[in-house]
Amino acid sequence: MQECPLIPMGAITGKPSKAILTETLEAYRAQGITQFLIYPRSGCELEYLSDDWFGVCEHIITEATRLGFTSLWLYDEYNWPSGTCNKQIPQLHPEFAAQQLCAYPENGDIKTVVRKNPRMTDLMNPDAVDCFIAMTHDQYARRFNKYMGTLIKGFFTDEPDIAFFSYDHKEDILRMPFYSGLPEDYQRETGSDLFADIRTGLNNHSSFYQPVCNRLCAEKFRANFAERISAWCARHNLVLTGHLMNEYSSNLALRCNGHPLRVLSAFSQPGMDEIFTQRSVATIEWLTLGTVMYAVEQRGNHGGLAELFALGPCDLTPAQIRRQLWLTALFGINRYVMAVAHLDSRGSAERKAYFHPFTRTQPWFLAYDALGAEATRAAAYATKSRKHRIGVRYPYAPAPLTDLLKHLTALQYDWTLLLPDETTDCDAVIRCQDGGIYEERTQRAFFDIGCLEHDLLATMPLRSAWISDADGQLADELFIRCFQDGSVVVLDFSGRDRQLRLNRAGMQTVFCLPAEGVICFPGWAVTLGHPNTLRADFVDGQFAFDLLAPCPDLHIALRHCADLPEVLLDGAPLPATQPCTGLPQGFNEIYLASETLALAAGPHMLELKNVCDDLPYLPLAWLVGTFARESQNRLAPYQNDGLGLAGYAGAITQRAKMLIPTDTLRLNVDPQGMATELRINGQSLGKRLWPPFTWILPSDTPGTSADIEIIRYSSCGQIFGQKAFTSDDHAHPWLKAYAPNNATAPKPFCEVHLL
């Protein structure tokens, strides 16, 4: 059975009978729901973790098994924040109460003191966390261990917080998280006294001590809470999921977590919270989304979980809900907790603002199955490898990251968050520094995001794809996600229907983006029928090339007719004694190949040691292999994406699975004039050698998901490079106008137009 990724956040209200629990689960199951979160919350009239409570849980487990549910999730607290066992731990064990370092003025001086909050547990204390596990997780394990790892998939933790302060002392001018041993750790890190530095900082209106404290607290919170509970879950074949507190603001997130990237990446299934349902590019929680994407990718990109919609509003349309599911999916989320699915509404008497019922209260509940089907489609994109062209440092001190990410998103750049000292292969790396912006690759500083965009980013090829409007300008109020497999997804936040253009790989595709709509463009897997080639154009007897990464099947073909070249590779003789198979027929017979070359990344040099005539259509040497070619003779392993095919001659096959609308009759492509064949579900619809490149679809294809295969057959002209066309010694003058270059290389793939 396929699992539906929607998870009702099942708030257990009142003292529910077995009949109402069964009726509720049956209603969800009838709408295709296969997961359920058991959620003790305001409005529950059962004593938390009592026998009556566990009796309700047992009945839910029994009925979920009978009805064929695939997953149940256990919420680890009564309400939130997690970690107190309904406030029992700090009351029963005062030694485990959360600690806070406070400062206040007194007699012209600044005093510091460590205070405790009797309403919150110290989640940086391993003994306190062990107590939480014993009072919560172990209780469930004793009763339901046989279901753990099968029906029960994991524990959901909700906003654990190391900065849940007591505000009783109004005189305080500083409150910060504290753990026993922090002053000693700070001394080892800095050589300074923490309390003295705090007094100095407050007198100088500086918080220079804070980044070190945040880093130390993050490590404690990660090790003693996130890693500790993840390890307990792993021993019981479960995952730890849920989310942190205040992910949307770097100032608040650092205070509540030390550093959210460090802590959340220790969750075995990272999660996020988006309960406000922001609906514009200017207000969406990009920092929250970036935080969970970072953690998901650190865990192997297997997906994550989001709590959504708890603050509604309760009249969100299905289109808006659908768009939010897609938005989180594009940041790595493949499980969607629908908050709040209460048994009845009595909890609203206490939690007055939280009301968006994913229950039978909603008349459109009977269409829940359609929403589940769309969620399944969105979830499939969560685990795709995303492209990240720009890295943004997330420091241990507050920074204007929210504004920076909002602008990068509006400008349609692909970005990812990075820890302050993390290595990365991003093309550009940005950090906020000294009130401005600094780009690490170019080592340039900018006043603001506008200067960064105008003076640097706009001059660099940092967009894998982008959306323009009818006037060719960058479209606004949308989100675009580009994936490593070449697929692209676009979400609308303008609220109006628009005619737009997708620009990728040097091509444009015109499309209509409906208001609040979602458009998916397939990623084509582009395979080659032959190796690629690069002609060695010797200048003064030398030809330089650069490998961006080792190419596993690279070899060199040397001419074996007319005068024979003698060639050195990086100063050593290059023997060519093997039969040549990588060139077109007619050349393999008169060239010999070297052994496969195990060349490291970096620059390399071919040198011609004798005098030979490099004929326009009989080059002295070719580099041959499965490589992609960039400008300036730069090579990298080919990635099945159709890029870098200057010099290629042969068949180019692109494949993708596409949903064919029910009213589609024909398929049209622009193959650059190449002879082209179309195959659908393995059946050839014939070849086209000239326009129109249009095929009539089989009658059983519309309304289905079809395997599309487009095969283009290039000419041989690309393999000769520019020499055959431009050489003053050999080429006819009129050929110079036809000289090929990277711009006239085969386009990576044909865009498909369904008519």
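Rule-based calculations on the coordinates, nothing more; no lab input. Predicted model, so just to flag it, every value in this text is computed and none were measured. All Cβ positions, glycine included, derive from the backbone under ideal geometry; neighbour counts span all protein chains shown.
Only DSSP H runs of four or more residues enter the estimate; each adds -39500 (n - 2.57), and after division by the residues of the chain the mean residue ellipticity at 222 nm equals -6500 deg cm²/dmol. A Förster radius of 41 Å combined with the Cβ-Cβ distance from PHE365 to GLN91 puts the calculated FRET efficiency at roughly 0.55.
Note on LYS111: lysines with a C-alpha under 25 Å away, same-chain residues under 8 apart excluded, are LYS170. Quick one: grab the alpha carbon gyration tensor of region 527-641, order the square roots of its eigenvalues as a ≥ b ≥ c, and give me rounded if a/c is under 1.5, else prolate or oblate depending on whether a/b is larger than b/c. In terms of gyration-tensor shape, oblate.
Here the simple spin-label model places points 7 Å from the Cα toward Cβ, and for GLU184 and ALA319 these points are separated by 6.2 nm.
Where a ≥ b ≥ c are the square roots of the eigenvalues of the C-alpha gyration tensor, would you call region 459-503 rounded, which needs a/c under 1.5, or, failing that, prolate if a/b is larger than b/c, or oblate?
Working: a/c = 2.11, a/b = 1.36, b/c = 1.56.
Oblate, since a/c reaches 1.5 and b/c is not below a/b.
Of all lysines in the structure, the ones whose alpha carbon falls short of 24 Å from that of LYS18, not counting any fewer than 8 places away in one chain, are LYS146, LYS153.
When DSSP beta bridges are restricted to pairs lying wholly in the chain, around 70% turn out antiparallel.
Computed from phi, the 3J(HN,Hα) profile of region 23-32 under the Karplus parametrisation 6.51, -1.76, 1.60 (θ = phi - 60°) reads 4, 5, 5, 5, 5, 5, 5, 5, 9, x Hz, with x in place of Gly and Pro.
Amide H contacts under 5 Å for MET120: ALA98, restricted to partners 5 or more places along the chain or on a different chain, H placed in the peptide plane at 1.01 Å from N. Which part of region 49-84 falls in the paramagnetic zone of THR150, meaning amide N under 12 Å from the point 7 Å along Cα-to-beta-carbon? Zone members listed by number: 62, 65-66.
Using a 10 Å cut-off around each Cβ, can you sort ARG634, ARG535 from fewest to most neighbouring Cβ atoms? If you can, show how the numbers build up before the last one.
Working: ARG634 16, ARG535 21.
If I rank by nearby Cβ atoms, fewest first, I get ARG634, ARG535.
Using a/c under 1.5 as the rounded threshold, could you call region 463-613 rounded, prolate or oblate? The axes a ≥ b ≥ c are square roots of the C-alpha gyration tensor eigenvalues, and prolate needs a/b larger than b/c, oblate otherwise. Cα axes put region 463-613 in the prolate bin. Neighbour counts of other Cβ atoms within 10 Å put VAL281, VAL539, VAL263 in the fewest-to-most order VAL539, VAL281, VAL263.
Computing Rg and the Kirkwood Rh from the Cα coordinates of region 390-523 gives a ratio, Rg/Rh, of 0.99. Dipole of region 527-641 computed with +1 at Lys/Arg Cβ and -1 at Asp/Glu Cβ about the Cα centre; of GLY529, LEU569, PRO552, farthest Cα towards the positive end is GLY529. Given their separation in residues at 0.36 nm each and the Cα-Cα distance between them, ALA675 and ASP707 gain 9.5 nm when the chain is fully extended. Placing a label point 7 Å from the Cα of ASP570 along the Cα-to-Cβ direction, the residues of region 531-545 with a backbone N closer than 15 Å are 544-545. Overall, region 1-134 carries a charge dipole of about 280 debye about its Cα centre when +1 sits on the Cβ of Lys and Arg and -1 on the Cβ of Asp and Glu, all other atoms neutral.
Counting only residues at least eight positions apart within a chain, or on another chain, the aspartates and glutamates with an alpha carbon under 16 Å from that of LYS657 are ASP485, ASP641, ASP700, ASP707, GLU709, GLU751.
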